[in-house]
Amino acid sequence: MRQVGLVAGAAAVALVAAGAITYAVAEDGGGSANSATPTADSADAGFARDMAVHHQQAVEMSYIVRDRTKNVEVRRLAYDIAQTQANQRGMLLGWLDLWDLPKVSADPPMTWMGMGDMASGKDGALMPGMATNTELKKLNSLSGKPAEVFFLQLMTDHHKGGIHMAEGCVEKCRVGVEKRLAQGMVDAQQSEIQLMADMLKARGAKARS
């Protein structure tokens, strides 16, 4: 499918660009031209920590469905998502290292967005869009078309939550390259949501919300 091929190309570009973006942060001293190195309670650090966790679940779900279906289209999309988000996660954690900041916080997730009381963390869903442990268990129990549909529904929800967080960074973060990465996440995941809507429709299904 041509759209999946375009997503694959975008993932490859993201992988090539990763080193350059991380290097830019290091060269910039950890901040933009007019800002100091981010603090532990900054939006820059909060986004890096939370999105790293959010991305990790997307990678996990992608690897689950890869082993639960033989459909080339779904497996290719899952591979693209896993590779792109694993790469971005490494960048986010790398920036925290560059800033000499902890990768975990005593504050609840989303505190940097003023939404620390939003997600209860019940059943493993720590942030908007994240699947619960029960949903992950269900995905692991399915195969074939049911697994494809459930994965596409879960990942659509996951992307919507990720977009919300990335838009928060675009608004609140101060490090230029991090803001640009966040905007890139918004653009790419919006495109993938449309692609997944088409894939769901082809399977006689639709997004959950």
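Summary of values
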read-out: Subset tally (residues that are surrounded by fewer than 17 Cβ atoms within 10 Å (Cβ to Cβ) and either more than 23 Å from Ala188 (Cβ to Cβ) or modelled with pLDDT under 95 (or both)) for the range 63-90; value: 2
read-out: Complete set of residues in the range 174-197 that are buried (at least 20 other Cβ atoms within 10 Å of the Cβ) and outside any helix (DSSP H, G or I); value: Val175
read-out: Residue check for Leu93: part of a helix (DSSP H, G or I), over 28 Å from Lys206 (Cβ atoms), aliphatic (A, V, I, L, M) and open to solvent by 20 Å² or more (accessible area, probe 1.4 Å); value: yes
read-out: Filter pass, Gly124 being open to solvent by less than 30 Å² (accessible area, probe 1.4 Å) and either under 20 Å from Asp157 (Cβ atoms) or of a type in the set (S, T, N, Q) (or both); value: yes
read-out: Count of the range 107-135 residues which are part of a loop (DSSP other than H, G, I, E, B), small (Gly, Ala, Ser) and in contact with a helix residue (DSSP H, G or I) (Cβ under 7 Å, 6 or more places away or on another chain); value: 2
read-out: Selection status of Val104, assigned to a helix (DSSP H, G or I) and either over 18 Å from Asp187 (Cα atoms) or at pLDDT 95 or above (or both); value: no
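The values are calculated or read from the model by the stated rules, or taken from the named source; none is laboratory data. A quick note: this is a predicted structure, and the numbers were derived from the prediction, not measured. Glycine also receives a Cβ, built like all others from the backbone with ideal geometry; neighbour counts cover every protein chain displayed. All accessible areas refer to the heavy atoms of the entire protein, side chains included, with ligands and DNA or RNA removed. Shrake-Rupley method; radii C 1.70, N 1.55, O 1.52, S 1.80 Å.
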